Amino acid sequence: MSVTQQQVLDVLSKVRTPRGVALTEAGVLSAVAATDGKVFFSINVEASEARAWEDVRAQAESAVRAIPGVTTAMIALTAERKPGSTQPPRPTGGLRPASAHRPPPQPPGGSPMSRQAAIPGVAAVIAVASGKGGVGKSTTAINLALGLRALGLRVGLLDADIYGPSVPRLTGIHEKPQLSDDRKMIPIERFGLSIMSIGFLVEEETAMIWRGPMVMSAITQMLRDVVWGTLDVLVVDMPPGTGDAQLTLAQNVPLKGAIIISTPQDLSLIDARRGLAMFKKVGVPVLGIVENMSYFQCPHCGTRSDIFGHGGARHEAERLGVPFLGEVPLHIAIRETSDSGKPVVVSEPEGEHAAIYRAIGAKVRDQLQGVIAAA
Ligand SMILES: Nc1ncnc2c1ncn2[C@@H]1O[C@H](COP(=O)(O)OP(=O)(O)OP(=O)(O)O)[C@@H](O)[C@H]1O
Ligand SMILES: [Mg+2]
């Protein structure tokens, strides 16, 4: 049974705002997306009024969930940043109590860990980030997750790249997550990983139009309204770049560390430096840099050519005092396996590429040793 936008608007017209106006008349709704029984929209309000609106959000969510045929309803309460404010926009509602009651931000230098609630059962959340798009962040994120898994860890993968989720393509997963009895999403199990992506829930075009605050709200739900179970490491594939959305994410997700992916080109390294600066600003330790597409490896003869003047990332890491985690060659097998939904670490586990990702995974594991062992 398909649910139409009009059906959603009809039920929303019966929900009242704090001022007693019909929700559909209050000028606060984003476009309503209703596809395959999945409904998404945001309620955008003044930050100062956000608390009063949380109840409206909850009522709207229950009303939408009660429509026959609705399988998922993700309704975010978002507050606009006031002009002139230097703080990035913050989601204000639709969150689990743990994050809704977060204490105020600490001054720079304070531990970021203390202000975000941990995810129960998850020992370490780590971000895979890049200063710019297209450098192989998602490919590295999944193969690193699989590398960690091959080392015997319990691993999850969260695709937080809301602008262009690639995990459905990388894993070949096209099914939708089921809901648990308490209406949390059950991650999809593939290759021994627990996987969640916004791409399982919305069409790619829908994901593209989401704005900063709504992005954060959706990510918070994917992080906290998911039955992750017990994990040693949850790898988060971040949206590319270092804009507001990324910064907000870095501030609001309880990260134990971040890994920066760079290609050897100068331009990418400048972007990588921006990524490093961003994590430094929010007090998240950088676990290291991975140089992707480091050198070209001929698929026929295996000969290596340093077409990009390789080694830049290693030097940069040394200069900045950040660990260098490894070099991944530009190789057609990596591209083909990524793009066909069978990442190289599982499709060619005995191969040299899998070994490289496992070695990167081992360095990451060693840095998280205390955290994982304590869990
Ligand atoms: N080491 C590699 N060798 C060959 N191809 C690669 C390698 N790493 C990534 N690719 C390919 O490059 C393309 C971009 O990679 P990927 O999607 O992982 O990048 P991304 O940084 O996540 O991009 P986006 O910014 O769009 O999210 C993909 O087609 C992928 O298969
Ligand atoms: Mg990507």
### Task
For Val328, list long-range residues whose amide hydrogen, built 1.01 Å from N in the peptide plane, is under 5 Å from its own amide hydrogen.
Glu291, Asn292, Met293, Ser294
### Message
Show me, for segment 135-142, the HN-Hα J-couplings you get by feeding each phi into the Karplus relation (A = 6.51, B = -1.76, C = 1.60, θ = phi - 60°), rounded to Hz, glycine and proline as x.
### Response
8, x, 5, 5, 4, 5, 4, 6
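Report the extension gain between Leu320 and Arg274 in nm, rounded to one decimal, defined as 0.36 nm multiplied by the number of residues separating them, less their alpha carbon distance. Show your work: numbers first, answer last.
On the way: separation 46, 0.36 × 46 = 16.56 nm, distance 1.22 nm.
This chain segment gains 15.3 nm when fully extended.
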### Query
So for the pair Lys281, Ser305, with labels modelled 7 Å out along Cα→Cβ, what separation do we get in nm?
3.9 nm
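Among the listed pairs Lys132/Lys256; Lys137/Lys280; Lys184/Lys281; Lys132/Lys281, give every one whose C-alpha distance is greater than 26 Å.
On the way: Lys132/Lys256 22 Å; Lys137/Lys280 19 Å; Lys184/Lys281 33 Å; Lys132/Lys281 18 Å.
Lys184/Lys281, as the Cα separations exceed 26 Å there.
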### Query
Sequence-distant or interchain residues sharing an amide H contact under 5 Å with Asp159, placed H: which?
Met196, Ser197, Ile198, Asp237
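So how much slack lies between Leu151 and Cys298, counting 0.36 nm per residue of separation and subtracting their Cα-Cα distance, in nm? Walk me through the numbers before you get to the answer.
Working: separation 147, 0.36 × 147 = 52.92 nm, distance 2.84 nm.
Full-extension gain reported as 50.1 nm.
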### Task
Arrange the peptides 227-234, 3-10 so that the one whose residues have, on average, the most other Cβ atoms within 10 Å appears first.
227-234, 3-10
### For the chain, built as a Gaussian network whose Cα springs stay under 10 Å, the top-fluctuating residue of His331, His300, His174
His300
#### Entry: Hits among aspartates and glutamates - C-alpha to C-alpha of Lys14 under 12 Å, sequence gap 8 or more where chains match
Glu25
### Task
Among DSSP beta bridges whose residues both lie in the chain, state the antiparallel percentage, nearest 5.
25 percent
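With a sphere of radius 14 Å drawn around the Cβ of Leu325, what net charge do the other residues whose Cβ falls strictly inside it have (Lys, Arg +1; Asp, Glu -1)? Walk me through the numbers before you get to the answer.
Details: positive: Lys137, Arg314, Arg358, Lys363, Arg365; negative: Glu291, Glu316, Glu318, Glu327, Asp366.
That works out to 0.
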### Message
Just to be sure I understand: if I project the alpha-carbon convex hull of the chain onto a plane and average over all orientations, what area do I get in nm²?
### Response
18.8 nm²
### Query
With the dipole of the chain worked out from charges on the C-beta (+1 for Lys and Arg, -1 for Asp and Glu) around the Cα centre, which of Val135, Leu151, Leu249 lies farthest toward the positive end?
Leu249
### Separation of alpha-carbon centers, segment 227-257 and segment 337-371, rounded to whole Å
19 Å
### Summary
Total charge of the residues flanking Ile195 in space, meaning their Cβ is under 9 Å from its Cβ, with Lys and Arg +1 and Asp and Glu -1, is -1
## Note on the structure
Mean-square fluctuation maximum in Gaussian network of the chain, Cα pairs under 10 Å, restricted to Thr72, Thr17, Thr263, hits Thr17
### Query
GNM on the chain, C-alpha springs below 10 Å: top fluctuator among Gln251, Gln221, Gln178?
Gln178
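Against the empirical 2.2 N^0.38 Å scaling, what ratio does the C-alpha Rg of segment 213-291 come to?
1.15
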### Whole-Hz couplings from phi, Karplus 6.51/-1.76/1.60, listed for segment 242-255; x for Gly and Pro
10, x, 4, 5, 5, 5, 4, 5, 4, 7, 9, 9, x, 7
#### Entry: Potential lengthening between Ser48 and Ser13 on full extension [0.36 nm per residue; Cα-Cα distance subtracted]
10.2 nm
### Message
How long are the semi-axes of the equivalent ellipsoid of segment 121-208, taking √(5λ) for every eigenvalue λ of the Cα gyration tensor, in whole Å from largest down?
### Response
19, 19, 11
### Query
Where the only charges are on Cβ atoms (+1 Lys, Arg; -1 Asp, Glu), what is the dipole of the chain about its Cα centre, to the nearest 20 debye?
940 debye
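Relative to the Cα centre, what is the charge dipole magnitude of segment 222-375, using +1 at the beta carbon of each Lys and Arg, -1 at the beta carbon of each Asp and Glu, and rounding to the nearest 20 debye? The partial results should precede the final answer.
Details: 14 positive and 17 negative charges, 94 e Å.
The dipole of segment 222-375 has a size of about 460 debye.
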### Task
List the residues whose amide H sits under 5 Å from the amide H of Ala73, counting only those 5 or more places along or on another chain, with H placed 1.01 Å from N in the peptide plane.
Val39
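Where a number appears in this text, it was derived from the coordinates with a stated rule and is not lab data. As the structure is a computational prediction, the values presented were derived from the model and not from experiment. Every residue, glycine as well, gets a Cβ built from its backbone with ideal geometry; the counts of neighbours run over all protein chains shown.
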